[in-house]
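Laboratory data are not the source of any read-out in this text; all were calculated from the coordinates shown. Just so it is clear, the structure is predicted and the values come from calculations on it, not from any experiment. Counting neighbours? That spans all protein chains shown, and the Cβs are built from the backbone with ideal geometry, glycine included.
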Amino acid sequence: MNNNIIKILVELKNASLSRKETLVVEYNHLSSSLLKNLYKEGFIQSFKFFKGINEERKILVTLRYYFDKPVFSNLKLFSKPSHLRYMKFSDICNISDKKYVCFFSTNKGILTILECKKRKIGGKLLFMC
């Protein structure tokens, strides 16, 4: 798993647990793809691209709270750089927990468990919210 994804997820969790409203993260292709999926699933309120000091591209993320509780409080990372967890499509079909959303890294990009089931592909299990 890419260290940039781990860094962004930990920053999101720490910022939400400390009750911050916004967070600034570094821009790259993986972070924008991850934030688009988090926005689509309703875990973040919004995100906006801007240029910071020295023309560096950054992303301003507005966090979401549900009844004054942080959404990222139950974030669990599964794949780490030292231990990657790959799942086949048949293994993904056996997961039926609708309380949490699992995110996978596939050859089609970062997808949720429902998108993986629709496209009938497997991938690397990244994290669960």
### Summary
By the Cα gyration tensor axes a ≥ b ≥ c (a/c under 1.5 gives rounded; else a/b larger than b/c gives prolate, otherwise oblate), the shape of the stretch 35-83 is oblate
### Qualifying lysines (Cα of each under 18 Å from Cα of Lys76; at least 8 residues distant if same chain)
Lys7, Lys13, Lys98, Lys99, Lys124
### Summary
Residue span Thr106 to Tyr39: 0.36 nm per residue of separation minus Cα-Cα distance leaves a gain in nm of 22.3 nm
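Return a whole-number percent for the relative contact order of the chain, with Cα pairs under 8 Å and 6 or more residues apart as the contact set.
Computed value for the chain: 24 percent relative contact order.
In the neighborhood of Lys88, defined by Cβ-to-Cβ distances under 13 Å, what is the net charge if each Lys or Arg adds +1 and each Asp or Glu adds -1?
+3
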### Query
Which net charge results for the neighbourhood of Lys51, defined as the other residues with beta-carbon distances under 14 angstrom from its beta-carbon, given Lys and Arg at +1 and Asp and Glu at -1?
0
### Query
If you take the beta carbon distance between Glu21 and Asp97 as r and set R0 to 25 Å, what does 1/(1 + (r/R0)^6) give as a FRET efficiency, to the nearest 0.05?
0.25
### Message
If I fit a long axis through the Cα atoms of helix 29-40 and take the longest principal axis of the Cα atoms of the chain, what angle between them do I get, 0 to 90°, rounded to 10?
### Response
80
### Message
I need the trypsin sites (Lys or Arg not before Pro) found in the stretch 19-119, filtered to DSSP loop residues with at most 11 other beta carbons within 10 Å of theirs.
### Response
Arg19, Lys88, Lys98, Lys99
### Message
Please list, by residue number, every one of the chymotrypsin sites (Phe, Trp or Tyr not before Pro) in the stretch 1-92 that is coil in DSSP and has at most 10 other beta-carbon atoms within 10 Å.
### Response
Phe67
### Task
Throw me the Rg/Rh for the stretch 1-108, computed over C-alpha atoms with Kirkwood Rh, two decimals.
0.98
### Query
What FRET efficiency comes out for the pair Lys118/Tyr66, r = Cβ-Cβ distance, R0 = 30 Å, nearest 0.05?
0.70
